[in-house]
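Written below as structure tokens is the structure these notes are about.
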Amino acid sequence: MKEIALHIMDLVQNSIAAGATRVEVSVTRDSAAGRLTVEVADDGRGMPPHLADRAVDPFVTTRTTRRVGLGLPLLAESARQSGGSLVIDSVEGRGTRVTATFGLTHIDRPPLGDMASTLACLLAANPGLEVEYRHRCDGREFVLTASDVRQALDDMDGGAPGGPLVFRSVHGLVSEGLLAACGEDGSQLS
Amino acid sequence: MVKSLDELAKIRDKAKEALNLRAGEKETKIIVGMGTCGIAAGAREVMAAILDELGKRNLTEVTVTQTGCIGLCDKEPLVDVLRPGQPRVSYGRVDAERARRIVTQHVVNGQIVGEWVVGTQS
């Protein structure tokens, strides 16, 4: 994966596949500690301990279409290469929290990338999913929740807002919001 | 570029007007493969292009959803189009440009783009 934002897309797809209705995503940039932390927490079905412990093994997967699963192993490797690590906390029946830390200034850390597109796609393609995004950069914070966006766009023709409208709105809100809060365009984060 | 929630309200009103012009396209569904394989191959850019193209054409009632890996990883990014009265069509190796043509040619005009089809299912 070329961007951390793509890993986040991948983690949220895992959450969706685990039957989650609510996903909390956070990105924390801490310059003083030299650390970038990405966290995705869901209320999906979780994993039993023996599966959670081995989830970063590429030859462990719950899918039936193939015998390999590369999402978490790739993220674990990427985190490790930049001097960070991956931690999976999972409680069966309650949910899963995946925390990846990266060395902020390490040369092998992938860029955060196009967070605006990741969030815009996720919200547009999953109208039933509650997503909360928190982006912290050295104490400042940008927060976006799917319910706020949907409320602002709501009551069109009695139905939910269409995907293209949600996409365009979220993309703009994240790009501009991160520029205002952190001085960095949300569609090309370093 | 949308800068605030107030601005969203304005966009909403505009979209409301456009909504009355449409009929019949409601049941069309586009599914983008968003497993690890799809994402690594560029599925997010494909989905972004589809949503952008639908938005430009005011086709806001076409449903776009995502799914996980279906086992055809070497053909990713995969895009399925389900149009009423037509078989389900799976397109493979889709990029942003191909995605836009699938919207204009298949979703809007009902003509399947044969050269990129990897499977059909009625």
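The values are calculated or read from the model by the stated rules, or taken from the named source; none is laboratory data. Predicted model, so just to flag it, every value in this text is computed and none were measured. Backbone-built Cβ (ideal geometry, glycine too); neighbour counts: all protein chains shown.
Here A:D148 meets each of (1) outside any loop (DSSP other than H, G, I, E, B); (2) within 14 Å of chain B (Cβ to nearest Cβ); (3) in contact (Cβ under 8 Å) with a residue 12 or more places away in the chain with one exception, condition (3). Count of the range A:96-115 residues, restricted to those that are farther than 23 Å from A:V56 by Cα and under 11 Å from the mean Cα position of the chain (by Cα), is 1.
When B:E115, B:E27 are checked against the criterion of being more than 10 Å from chain A (Cβ to nearest Cβ), surrounded by fewer than 18 Cβ atoms within 10 Å (Cβ to Cβ) and under 20 Å from A:P127 (Cβ atoms), a single residue qualifies: B:E27.
Whether any residue in the range A:117-128 is of a type outside the set (G, A, S) and modelled with pLDDT under 95 is what I want to check.
Restricting attention to the range A:117-128, the residues satisfying the condition of being of a type outside the set (G, A, S) are A:118-119, A:121-123, A:126-127.
Now restrict to residues that are modelled with pLDDT under 95: A:127.
Yes, the range A:117-128 has at least one match.
Scanning the range A:152-176 for residues that are at pLDDT below 95, more than 7 Å from chain B (Cβ to nearest Cβ) and part of a helix (DSSP H, G or I) returns a single hit, A:V166. Taking the range A:1-38 as the range and being within 21 Å of A:A124 (Cα to Cα), away from every other protein chain (no Cβ under 13 Å) and among the acidic types (D, E) as the test, only A:E24 passes. When the range B:45-69 is filtered for residues that are among the β-branched types (V, I, T) and in a loop (DSSP other than H, G, I, E, B), the ones remaining, listed by number, are B:T60, B:V62. The number of residues in the range B:51-64 that are under 14 Å from B:A99 (Cα atoms) and of a type in the set (S, T, N, Q) comes to 0. Listed here are the strands (runs of 3 or more DSSP E) enclosed by the range A:1-95 that have at least 1 residues being closer than 20 Å to A:E132 by Cβ and within 12 Å of the chain's Cα centre (by Cα): A:22-30, A:35-42.
Within the range B:71-89, does at least one residue satisfy the condition of being within 9 Å of chain A (Cβ to nearest Cβ) and not in a loop (DSSP other than H, G, I, E, B)? Yes; the residues of the range B:71-89 include at least one that is within 9 Å of chain A (Cβ to nearest Cβ) and not in a loop (DSSP other than H, G, I, E, B). Per the conditions (1) of a type in the set (G, A, S); (2) within 14 Å of chain B (Cβ to nearest Cβ); (3) in contact (Cβ under 8 Å) with a residue 60 or more places away in the chain; (4) farther than 21 Å from A:S15 by Cα, the sole criterion not satisfied by A:A181 is (3).
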